[in-house]
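The values are calculated or read from the model by the stated rules, or taken from the named source; none is laboratory data. Keep in mind that this is a model prediction, so the values were computed, not measured. All Cβ positions, glycine included, derive from the backbone under ideal geometry; neighbour counts span all protein chains shown. Side chains included, ligands, DNA and RNA excluded: accessible areas come from the protein's heavy atoms. Shrake-Rupley method; radii C 1.70, N 1.55, O 1.52, S 1.80 Å.
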Amino acid sequence: MNILSCENLTLGYEGRPVVTGLNFAVGEGQYLCIVGENGSGKTTLMRAILGLQSPMQGQIITHDGLKKEEIGYLPQQTLAQRDFPASVYEVVQSGCLNKSGRRPFYNKQQKARAREAMARLGITEFAKKCYRNLSGGQQQRVLLARALCAADRVLLLDEPASGLDPAITEELYSLIRALNQEGMTILMISHDLRAAARDASHILHLANRQLFFGEKEAYLNTDIGRLYALLEATA
Amino acid sequence: MTNAWQTLTYYFEFPFVRYALVVGIAVALCTSLLGVVLVLKRFSYIGDGLSHIAFGAIALATALKISNNMLLVVPITAAFAILLLMGGQRAQIKGDAAIAVLSVSSLAIGYLLLNAFPSSTNISGDVCTTLFGATSILTLTMQEVWMSLGLSTAVLLIFVFLYHRIFSVTFDEDFATATGTSARAYNLLLAVVIAVVVVLAMNLVGTLLITALLIFPALSAMRVFRSFRGVTICAAVLSVVCALLGIVLSILAGTPVGATIVIANLACFLLFSILGLVTTRRFA
């Protein structure tokens with residue numbers, strides 16, 4: 001069952017296309033890894049899927065009643081919000097906002113969900129700490145906990161492992177794998193082809209156009225797949 | 001001390017002094033709440049820009065001889081607030097430059113209008129009053145007091161009931177939009193509320209000192225507190241205390257109300273900066 005598909009999609013900024021000719025579909029429970037060089041249109045695609053940017057051509061269709069309120073998102077880490085006074089708990093809890101409907105305050109379920117997400121990512125002890133005083137890895141876990149609060153069916157991750165040390169990266173990947181096994185659909189942008197090759201079910205390779213879309217096994221047998229894997233391994 | 005108390009009780013027998021106190025506290029509360037959001041959104045200077053636009057609008061209303069100038073001033077200021085806050089990414093002239101252009105232009109146009117269509121013989125006195133709010137808080141009518149109170153209550157209610165949404169949209173606009181909270185709608189609401197509060201605050205401190213009323217409490221609170229809730233509550237309390245202190249001191253010392261409130265805020269900021277230095281060392 002597909003929950004999201006892109007048809008003949010062209011995306012860009014200010015009239016200049018960044019990525020063209022996208023045709024692919026994501027099924028419920030799949031683990032799609034989006035790979036490609038810097039500037040190949042990966043983040044642009046993710047922003048378009050999230051509705052932060054409208055397509056220049058073609059369309060993005062959600063199926064099976066997938067709503068924005070069921071999507072979680074882990075943005076690429078930025079230096080913005082550096083001096084924002086916010087406790088870890090406040091940031092994580094804000095992920096539950098999409099379940100609020102018209103209620104002005106969070107109810108017990110939402111609060112419990114935020115605590116659960118924090119426990120799952122091992123950040124409960126930082127709950128009252130200031131977000132900006134945490135290390136990069138800790139901040140990433142806070143943002144992932146927030147994404148978990150928001151995600152009911154689909155989780156979009158933009159370079160979740162960038163700037164993390166290997167041990168924490170491994171932890172992160174195994175958590176995402178576990179979520180996927182519980183039925184969560186995953187769309188992940190990654191530079192790390194080894195992780196993609198191990199965990200993903202499907203691969204989308206972008207280079208300002210769609211170089212490959214399909215199952216992982218097929219990808220690893222194509223020329224681009226082999227070449228890319230080689231480049232990754234030597235990088 | 002007894003002398004000071006006597007002076008105060010003497011002054012508070014006058015209704016206009018009591019009005020000034022009530023309106024001062026109400027406005028200080030509103031500006032501090034909005035100030036937290038503005039400072040965090042990197043829009044600290046929008047209050048200044050909008051207050052100049054409001055000055056231009058007041059001059060226009062005077063030139064057109066409109067008796068209740070709020071009916072003209074609030075919509076014009078709101079329109080520009082929307083333009084500045086929402087134009088954001090797509091505007092030809094961005095952020096700080098846009099604010100600078102608009103505020104300087106409307107200041108010039110306003111001053112020109114006041115000179116071309118003088119409403120009294122003392123133009124520079126009028127301009128000074130509008131800019132620095134020298135006496136206007138002491139000349140409030142009953143109607144203005146009720147309007148200020150009504151608007152302040154509305155701002156307070158909006159802030160309380162939309163608190164979590166305001167946090168989410170301010171902290172990460174993209175995440176909020178991506179997960180189904182319309183950041184656009186909240187930015188629009190924010191722009192309108194800011195315009196209303198700026199016009200309100202003009203009565204208190206005049207156009208030039210509004211920025212101080214908006215950003216000082218938030219900045220002071222951010223020196224010491226590390227959570228959004230802590231900063232918001234602290235800013236509100238500080239702002240009310242400074243307004244109260246400023247008004248009382250201005251009565252006792254015979255200083256201009258607006259400037260005294262700002263100086264109270266400045267003193268508070270310095271105090272909290274020192275406090276912040278001491279506590280960070282302890283918690284870091």
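Side notes on the structure shown:
- One residue alone among A:Gln110, A:Gln76 is over 21 Å from the mean Cα position of the chain (by Cα) and within 11 Å of chain B (Cβ to nearest Cβ), and that residue is A:Gln110.
- Residue count, segment A:62-73 (criterion: open to solvent by 40 Å² or more (accessible area, probe 1.4 Å), touching a residue at least 24 places away in the same chain (Cβ under 8 Å) and within 14 Å of chain B (Cβ to nearest Cβ)): 3
- Single residue of A:Phe84, A:Phe105 found to be of a type in the set (Phe, Trp, Tyr) and either out of contact with any Lys or Arg (no Cβ under 7 Å at 6 or more places or on another chain) or open to solvent by 10 Å² or more (accessible area, probe 1.4 Å) (or both): A:Phe105
- Residues located in segment B:132-169, provided they are at pLDDT below 65 and either within 16 Å of the chain's Cα centre (by Cα) or within 14 Å of another protein chain (Cβ to nearest Cβ) (or both): B:Phe132, B:Gly133, B:Ala134, B:Ser136
- Members of segment A:38-61 found to be part of a strand (DSSP E or B) and either open to solvent by less than 30 Å² (accessible area, probe 1.4 Å) or touching a helix residue (DSSP H, G or I) at 6+ places or on another chain (Cβ under 8 Å) (or both), listed by number: A:Ile60
- Selected residue (only one of A:Gly95, A:Gly136, A:Gly122 is modelled with pLDDT of 85 or more, over 14 Å from B:Asp172 (Cβ atoms) and of a type outside the set (D, E, K, R)): A:Gly122
- Long-range neighbours under 6 Å by Cβ, at least six apart or interchain, first residue free of Cβ contacts under 8 Å to residues at least 60 places away in the same chain within segment B:210-224, second open to solvent by less than 10 Å² (accessible area, probe 1.4 Å) and assigned to a helix (DSSP H, G or I): B:Ala212/B:Asn265; B:Arg223/B:Gly276; B:Val224/B:Gly276
- Residue within segment A:141-157 that is open to solvent by less than 20 Å² (accessible area, probe 1.4 Å) and either of a type in the set (Asp, Glu) or farther than 19 Å from A:Cys96 by Cβ (or both) present: no
- Segment B:215-250, residues that are aliphatic (A, V, I, L, M), over 26 Å from B:Thr170 (Cβ atoms) and open to solvent by less than 30 Å² (accessible area, probe 1.4 Å): B:Ile247
- Any hit, segment A:129-137, residues being within 8 Å of chain B (Cβ to nearest Cβ) and aromatic (Phe, Trp, Tyr): no
Residue by residue, here is whether (1) open to solvent by less than 60 Å² (accessible area, probe 1.4 Å); (2) in a loop (DSSP other than H, G, I, E, B); (3) within 14 Å of chain B (Cβ to nearest Cβ) holds:
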residue	(1), (2), (3)
A:Ser94	yes, no, yes
A:Arg115	no, no, no
A:Glu171	no, no, no
A:Leu179	yes, no, no
A:Gly183	yes, yes, no
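- Complete set of residues in segment B:136-195 that are under 26 Å from B:Val17 (Cα atoms) and of a type in the set (Ser, Thr, Tyr): B:Ser136, B:Thr139, B:Thr141, B:Ser148, B:Ser152, B:Thr153
- Of the helices (runs of 4 or more DSSP H) lying entirely inside segment B:153-255, those carrying at least 1 residues that are closer than 12 Å to B:Gly35 by Cβ and not hydroxyl-bearing (Ser, Thr, Tyr) are B:183-205, B:210-224, B:228-253.
- Of all residues in segment B:27-61, those satisfying the criterion of being closer than 13 Å to B:Val198 by Cα and aliphatic (A, V, I, L, M) are B:Val27, B:Ala28, B:Leu29, B:Leu33, B:Leu34, B:Leu38, B:Ile46, B:Leu50, B:Ile53, B:Ala54, B:Ala57, B:Ile58.
- Residue list for segment A:185-194, restricted to those being within 14 Å of the chain's Cα centre (by Cα) and open to solvent by less than 30 Å² (accessible area, probe 1.4 Å): A:Thr185, A:Ile186, A:Leu187, A:Met188, A:Ile189, A:Ser190
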